[in-house]
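The values are calculated or read from the model by the stated rules, or taken from the named source; none is laboratory data. Computed from a predicted model, the values in this text were never measured in an experiment. Heads up, the Cβs are rebuilt from the backbone with ideal geometry, glycines too, and the neighbour counts pull from every protein chain shown. We work out accessible area using only protein heavy atoms, side chains counted, and drop any ligands, DNA or RNA first. Shrake-Rupley method; radii C 1.70, N 1.55, O 1.52, S 1.80 Å.
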Amino acid sequence: MEFSTDAYKQTGPVCFSPNARFLAIAVDYRLVVRDVVSLKVVQLFSCVDKISSVEWAPDSEYILCGLYKRPMVQAWSLSQPDWTCKIDEGPAGIAYARWSPDSRHILTTSEFQLRLTVWSLVNTACVHVQWPKHASRGVSFTKDGKFAAICTRRDCKDYINLLSCQSWAIMSVFAVDTVDLAGVEWSPDDSAIVVWDSLLEYKVLIYSPDGRCLFKYLAYESGLGVKTVSWSPCGQFLAVGSYDQAVRTLNHLTWKTFAEFTHAASIRSPCNATIFKEVDDPWQLDMSELCLSEGFSRSMQDHGAENGTEAGGSRVKYDVMDVPITLPSQKPATDKPNPKQGIGMLSWSSDSHYFFTRNDNIPTALWIWDICRLELAAVLVQKDPIRAAAWDPTCPRLVLCTETPQLYMWTPSGACCVSVPFPNFRVVDLKWNSDGSRLLLKDRESFCCAAFVSALPEEEPDQSDDSTEDE
């Protein structure tokens, strides 16, 4: 692993371009575009106000900046720096903005969800959808980018509007059997739409694109319901995390539940999972396998001297624990809304073999499940609450952070801790680029990048005669 030679300032969103070549950084009212490899500035754009959100167009040609305090949206072209676009909804305001799959339309949601507007960058035309259900949620596109499902609400009833992403005409509208719709998501093969209700009622509904209800799933009644929903990348499994601290998985053929994964504070035998626990480690991290250049090694030594520790020093490590083991848990407050309980994080690996979860009332533990064996594969027990975790988009490699100077990694072969070589840098968020070659690490006021370098196979001794050395 190679870290960037320096940490760079940021005051807002930082995101990779979909083609994995560029990095967009919000610095107050400026948008800085850097090359992913060298981190040199490629373009610099000035907005009219502080940037609240940044999103790349799917083709990596355009970038939109949400200036929600003004409120306004500005869009920029990477290849045509003089081209610019401003979107202002006037008194209606703008609460959220996103790109369409064709990269030539921008969808904005007004304040108070009065309307959703589709703005064309080609002919300046616009289309309105009245009464969207949510500002940032409630919109999902098919994988082929041809259709959009938009949730709306009128007359105390929830609806799904299916729109063509070519003409933006409404193809169909159908009511859904929810009390207060919380989210919608197309299946990866675009054959079904999943809809789930608010946390006050456990209800998951599967609809076909023509509006037929294929399946209605209710795991229990009289309790807080669904908290997270995630399709596996292969489209064969749907994982539903809920406030009862369990994940239930449905198959795509019959839509029936085939497994239930519970998150108890006490892990007892029989258990085939490996329990990794973060502990203090006074010894130094072996840097021989990190492929660091000589100049970068000197830089790490300088940073270590400033911190009062030798560069590359690892303050923590993982110990493998035996079962039974009791995980530290906390009781959610009963007098506050949105209790910290249940499955708050859920994400699948790119090969659909594993998924990880975090039970919010055990915030220091990350659970990794093997869907092929239908069992717990590993548990990572941290010293601090887990802030973010993400799968490598190319292989089953997981990274996580806990707002500490360390980065934690897990693969099916084991787990490790790596120190970030910058003083006072605490990782609060992380993101992969699309080809898995770079990892973005965010501090509260800065960011850095880490590159994953594949180890080269050792060269075999040259068996030819000495004359080949002279050629």
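Residues that are assigned to a loop (DSSP other than H, G, I, E, B), within 21 Å of Lys69 (Cα to Cα) and of a type in the set (A, V, I, L, M) within segment 4-48 comprise just one, Val48.
Could you say whether any residue in segment 174-189 is surrounded by 20 or more Cβ atoms within 10 Å (Cβ to Cβ), more than 30 Å from Glu260 (Cα to Cα) and either modelled with pLDDT of 95 or more or not assigned by the TED database to the domain that holds Val240 (or both)? Checked against the condition, which is being surrounded by 20 or more Cβ atoms within 10 Å (Cβ to Cβ), more than 30 Å from Glu260 (Cα to Cα) and either modelled with pLDDT of 95 or more or not assigned by the TED database to the domain that holds Val240 (or both), segment 174-189 yields no hits at all. For segment 311-332, a residue qualifies if it is open to solvent by 50 Å² or more (accessible area, probe 1.4 Å), closer than 20 Å to Gln406 by Cα and not in a loop (DSSP other than H, G, I, E, B), and the qualifying residues are Lys317, Asp319, Val320. Here His128 meets the list (1) open to solvent by 10 Å² or more (accessible area, probe 1.4 Å); (2) in a loop (DSSP other than H, G, I, E, B) almost entirely, failing just condition (2).
Taking the criterion of being more than 17 Å from the chain's Cα centre (by Cα) and assigned to a strand (DSSP E or B), the residues of segment 411-440 that qualify are Thr411, Gly414, Ala415, Cys416, Cys417, Val418, Ser419.
Residue-wise test of (1) at pLDDT 95 or above; (2) open to solvent by less than 50 Å² (accessible area, probe 1.4 Å).
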position: Asp6; (1), (2): no, no
position: Ala20; (1), (2): yes, yes
position: Leu31; (1), (2): yes, yes
position: Arg34; (1), (2): yes, yes
position: Val42; (1), (2): yes, no
position: Glu55; (1), (2): yes, no
position: Ser60; (1), (2): yes, yes
position: Cys65; (1), (2): yes, yes
position: Pro71; (1), (2): no, yes
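The residue that is nearest to Ser46 (Cα to Cα), among those in segment 84-121 that are in contact with a Pro (Cβ under 6 Å, 6 or more places away or on another chain) and modelled with pLDDT under 95, is Gly93. Here Ile275 fits the description: buried (at least 19 other Cβ atoms within 10 Å of the Cβ), modelled with pLDDT of 95 or more and touching an Asp or Glu at 6+ places or on another chain (Cβ under 9 Å). Restricting segment 333-350 to residues that are assigned to a loop (DSSP other than H, G, I, E, B) and surrounded by 14 or more Cβ atoms within 10 Å (Cβ to Cβ) leaves a set whose member that is farthest from the chain's Cα centre (by Cα) is Pro339. Test each condition in (1) closer than 22 Å to Phe112 by Cβ; (2) free of Cβ contacts under 8 Å to residues at least 12 places away in the same chain for Ser222 and report the one that comes out false. With respect to (1) closer than 22 Å to Phe112 by Cβ; (2) free of Cβ contacts under 8 Å to residues at least 12 places away in the same chain, Ser222 is out only on (1).
State yes or no: is Thr124 at pLDDT below 95 and in the same structural domain as Asp102 (by the TED database)? Yes, satisfied.
Checking each residue in segment 44-53 for being out of contact with any Leu (no Cβ under 7 Å at 6 or more places or on another chain) and open to solvent by less than 40 Å² (accessible area, probe 1.4 Å) picks out only Ser53.
If the condition is being more than 21 Å from Pro18 (Cα to Cα) and not aliphatic (A, V, I, L, M), then segment 93-107 contributes only Gly93. What number of residues within segment 364-375 satisfy the criterion of being surrounded by fewer than 20 Cβ atoms within 10 Å (Cβ to Cβ) and within 23 Å of Ser350 (Cβ to Cβ)? Residues meeting the conditions: 5.
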